[in-house]
Structure formats: C-alpha cells, structure tokens
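The values are calculated or read from the model by the stated rules, or taken from the named source; none is laboratory data. Keep in mind that this is a model prediction, so the values were computed, not measured. With ideal geometry, Cβ positions are generated from the backbone for all residues, glycine too; neighbour counts draw on all protein chains shown. Protein only, heavy atoms only, side chains kept; ligands, DNA and RNA dropped before computing areas. Shrake-Rupley method; radii C 1.70, N 1.55, O 1.52, S 1.80 Å.
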Amino acid sequence: TKTQGIVVNARGIVAFYPTEVPFHPRAQFLGDHDLFGDLRKAAKTDGIAVFARMDSNGAPDATYQAHPEWFTLSPQGSPYRDRGLNIPCINGPYYREHIPAILREIAVKYHPEGFTDNIWSGLPRANICYCDNCKTKFHTERGLDLPQTADWNASAYRAWIEWSYGLRLEIWDEFNRVTRDAGGP
C-alpha cells in the first residue's frame, strides 16, 4: 500500500501554525515554529495529500471572558463546558465569524486538500443553548420560546430539534463556502 493522504492538526483548540486571528492561541511549546506548515510541505514533497484537522467546539476561559456572547449558556445562565473548555454557540460570532476567519487563513496560507473537524456541530441535542443569540433567533424564526427541557412529546422541543439541525447544515455549508472561496475546490 501507499500513503495517499494524512490528517494533520492545524487547529486543535490551539493553532499549530503562526496565526494572525485574534483569540486563536498558538500551541504552548511551538514558539515561532510552524509545525503544520512544515508537515504540509514535507507531505507535498512526497505527493501526499494533507487534510487540515480542526477542533471548533471549545475555547479557553480567556476567550470566554473576552467574548461571552460567543458561547452557549445553560438554563441557569452558566456556560456549558466540555473537556475543560467553554462550548461556543453555533448561532454566535464564534461559529459565524471566528472559525471562518481561521478556515480562510489556513486555506489561503497552506492550500490543504481539505479540512476535517473533530467537533464542529455545537452542543449535543440533549442540551439546549439559552444564550441571547439562540433565544432571539428561535423566536424570530419559529415564533416560539426555547423549550425548557428535552422532551420529545413537546412540540416546542421537536421544533427546536428541527431548527437546531438546520443550523448545523447552515454552518456546514458556510464552512464549505469559505474554504472553497479561499482555497479553491
């Protein structure tokens, strides 16, 4: 067999390359080293396709403190957390502006053959985000208040599930559009 392609960390919560996107911290021990760029170059020399790996579903406390409007909120008003990180809201600027800026930067600078994302789709369906972005958007688009519980027998919850899945398709399409516009097919 012959290796035809590899997945290389470009952004796994932190950047593995010299990023210029604000609130996109670099991996702690890289210094000025461009690990992603070096691996991309070596792979290209060997005719191996590189897929830039992302992890878009978490950010450190410093990012949350600077931009709380980017993040999911529980019914009690505290941020949802996973893996010691704050979980961004798919309706907020984190997914709608910040991640597209990172995708654009990687596509323009490195031209990977594609992107993969470990976790790109926000909260699992058992959790409802109660941030202002979600409250407003759900009410505007569905004419309903956000459901208070995950209850398949409640029409508001079923409407939220349908709406929520539709948003994930929007994000998928937007990320594809951004990367193709910046890096080609």
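Brief remarks follow.
- Condition check for residue 69 on (1) in contact with a Cys (Cβ under 8 Å, 6 or more places away or on another chain); (2) surrounded by 17 or more Cβ atoms within 10 Å (Cβ to Cβ): one failure, at (2).
- Enumeration of residues in segment 6-46 that are within 18 Å of residue 114 (Cα to Cα), open to solvent by 50 Å² or more (accessible area, probe 1.4 Å) and more than 22 Å from the chain's Cα centre (by Cα): 38, 39, 41, 42, 44, 45, 46
- Screening residue 107 with (1) in contact with a Ser or Thr (Cβ under 6 Å, 6 or more places away or on another chain); (2) of a type in the set (Gly, Ala, Ser); (3) open to solvent by 30 Å² or more (accessible area, probe 1.4 Å) gives one miss only, at (3).
- Members of segment 124-155 found to be surrounded by 17 or more Cβ atoms within 10 Å (Cβ to Cβ) and touching an Asp or Glu at 6+ places or on another chain (Cβ under 9 Å), listed by number: 131, 133, 138
- Among the candidates 180, 168, residue that is within 22 Å of residue 7 (Cα to Cα) and either open to solvent by 10 Å² or more (accessible area, probe 1.4 Å) or of a type in the set (A, V, I, L, M) (or both): 180
- Test set (1) under 16 Å from the mean Cα position of the chain (by Cα); (2) open to solvent by 90 Å² or more (accessible area, probe 1.4 Å); (3) within 25 Å of residue 37 (Cα to Cα); (4) of a type outside the set (Gly, Ala, Ser) - residue 81 fails condition number: (3)
- Comparison of 66, 59 shows that the only residue that is touching a residue at least 40 places away in the same chain (Cβ under 8 Å) and closer than 16 Å to residue 15 by Cβ is 59.
- Residue among 46, 55, 38 that alone is charged (D, E, K, R) and touching a Lys or Arg at 6+ places or on another chain (Cβ under 7 Å): 55
- Qualifying residue in segment 163-181 (condition: among the charged types (D, E, K, R), more than 30 Å from residue 112 (Cβ to Cβ) and without any contact (Cβ under 8 Å) to a residue 40 or more places away in the chain): no
- When residue 129 is tested against the conditions (1) touching a strand residue (DSSP E or B) at 6+ places or on another chain (Cβ under 8 Å); (2) among the hydrophobic types (A, V, I, L, M, F, W, C); (3) under 23 Å from residue 50 (Cβ atoms), the lone failure is (3).
- Count - residues of segment 19-57 that are in contact with a helix residue (DSSP H, G or I) (Cβ under 8 Å, 6 or more places away or on another chain) and either more than 18 Å from residue 67 (Cβ to Cβ) or hydrophobic (A, V, I, L, M, F, W, C) (or both): 10
- Residues that are of a type in the set (Gly, Ala, Ser), more than 17 Å from the chain's Cα centre (by Cα) and part of a helix (DSSP H, G or I), drawn from segment 153-181: 155, 156, 159
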